[in-house]
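One structure is given below, encoded as structure tokens.
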Amino acid sequence: MATRKKNATAGKRPTRAKAAARGKFIVLDGPDGAGKSTQVQLLSEQLERRGIRFIVLREPGGTTAGEVIRSLLLERREDRLTAVTETFLFEAARAQLMEEVVRPALARGTWVICDRFTLSTLVYQGYAGGVPVKAIEVMSALATGGLKPDCHLVLWVSAETGIRRRASRAADRMESKGKAFLKAVADAYRKLAREKKNRVTFIDAGGLVEDVRRKVWAEVALLVPQRQDGRRT
Ligand SMILES: Nc1ncnc2c1ncn2[C@@H]1O[C@H](COP(=O)(O)OP(=O)(O)OP(=O)(O)O)[C@@H](O)[C@H]1O
Ligand SMILES: [Mg+2]
């Protein structure tokens, strides 16, 4: 029978360096062309200046499985995916991302900035796509294991503004669903964010890039540890 060797430290817990504070989970969501990618970039620069460790993710994607799912969902081809199929695919990519990337990053103290999250599924596949909202809420809870962003911002622009801003870019499969769909998307985002359900914050993103950047930072700064002089910026 194998015996375990006792050593001098047996029974004592090893001393460890103080555990890192949990990272913050920030989501920028909103209709097509609202300026999410632009603001994610500006926010990254701001966090970098503050010396905050972070990663930037986009949904769907961020894992090997997630990127395959992303190409299924977004590449323009003739596959006619139903809204229910889309929902399962988005949630599957999300489940993998949470497990493989988001939870471990937050646990080691790294902040996570995510371009789109659960609200996108609720809006695109639910309110605009016709999948029962309650079903999506259950699936999202399963995919995220109940983990909620510390800050979930909706950058809101009207469908017209979004379309105008994106005019020079080729539409992907989700974006090419037509103006009525994009209007339903914009309306749903506004409704959900204004109701302040799902713990989201509405940001009017129709103004100048710099104005939107200030509004975004005003929210995110609340999560940044204060400096000795009390400033967060
Ligand atoms: N506040 C703004 N005013 C005017 N143009 C803007 C503003 N913010 C972003 N843009 C421009 O609008 C276009 C779309 O912006 P961006 O790609 O950041 O939006 P997005 O929300 O990430 O879009 P998508 O949903 O397609 O990923 C870009 O050409 C960008 O330079
Ligand atoms: Mg973008």
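The values are calculated or read from the model by the stated rules, or taken from the named source; none is laboratory data. All figures in this text were calculated on a predicted structure; none of them were measured in a lab. Counting neighbours? That spans all protein chains shown, and the Cβs are built from the backbone with ideal geometry, glycine included.
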When both residues are 6+ apart or on different chains and their Cβ atoms are under 8 Å apart, which pairs have a first residue that lies in the stretch 50-75 and is crowded, with 17+ Cβ neighbours inside 10 Å, and a second that is among the aromatic types (Phe, Trp, Tyr) and at pLDDT 90 or above? ILE52/TRP111; PHE54/TRP111; GLU59/PHE90; GLU59/PHE117; PRO60/PHE90; ILE69/PHE90; LEU73/PHE90
Does any residue in the stretch 137-157 that is under 17 Å from LYS36 (Cα atoms) come within less than 8 Å, Cβ to Cβ, of a residue that is surrounded by fewer than 21 Cβ atoms within 10 Å (Cβ to Cβ) and of a type in the set (Asp, Glu) six or more places away or on a different chain, and which pairs are these? CYS151/GLU219; LEU153/GLU219; TRP156/ASP204
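Identify, from the list THR110, THR87, THR82, the residue that is at pLDDT below 95 and of a type in the set (Val, Ile, Thr). Walk me through how you get there before you give the answer.
Details: THR110 fails: at pLDDT below 95; THR87 fails: at pLDDT below 95.
Going through THR110, THR87, THR82 in turn, the sole match is THR82.
Any idea which of GLU45, GLU99 is in a helix (DSSP H, G or I), farther than 24 Å from TRP156 by Cβ and either in contact (Cβ under 8 Å) with a residue 60 or more places away in the chain or out of contact with any strand residue (DSSP E or B) (no Cβ under 9 Å at 6 or more places or on another chain) (or both)?
Values: GLU45 fails: farther than 24 Å from TRP156 by Cβ.
Sole residue among the options that is in a helix (DSSP H, G or I), farther than 24 Å from TRP156 by Cβ and either in contact (Cβ under 8 Å) with a residue 60 or more places away in the chain or out of contact with any strand residue (DSSP E or B) (no Cβ under 9 Å at 6 or more places or on another chain) (or both): GLU99.
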Test each condition in (1) in a loop (DSSP other than H, G, I, E, B); (2) within 16 Å of ligand 2 (Cβ to nearest atom); (3) of a type in the set (A, V, I, L, M); (4) modelled with pLDDT under 95 for LEU73 and report the one that comes out false. (1)
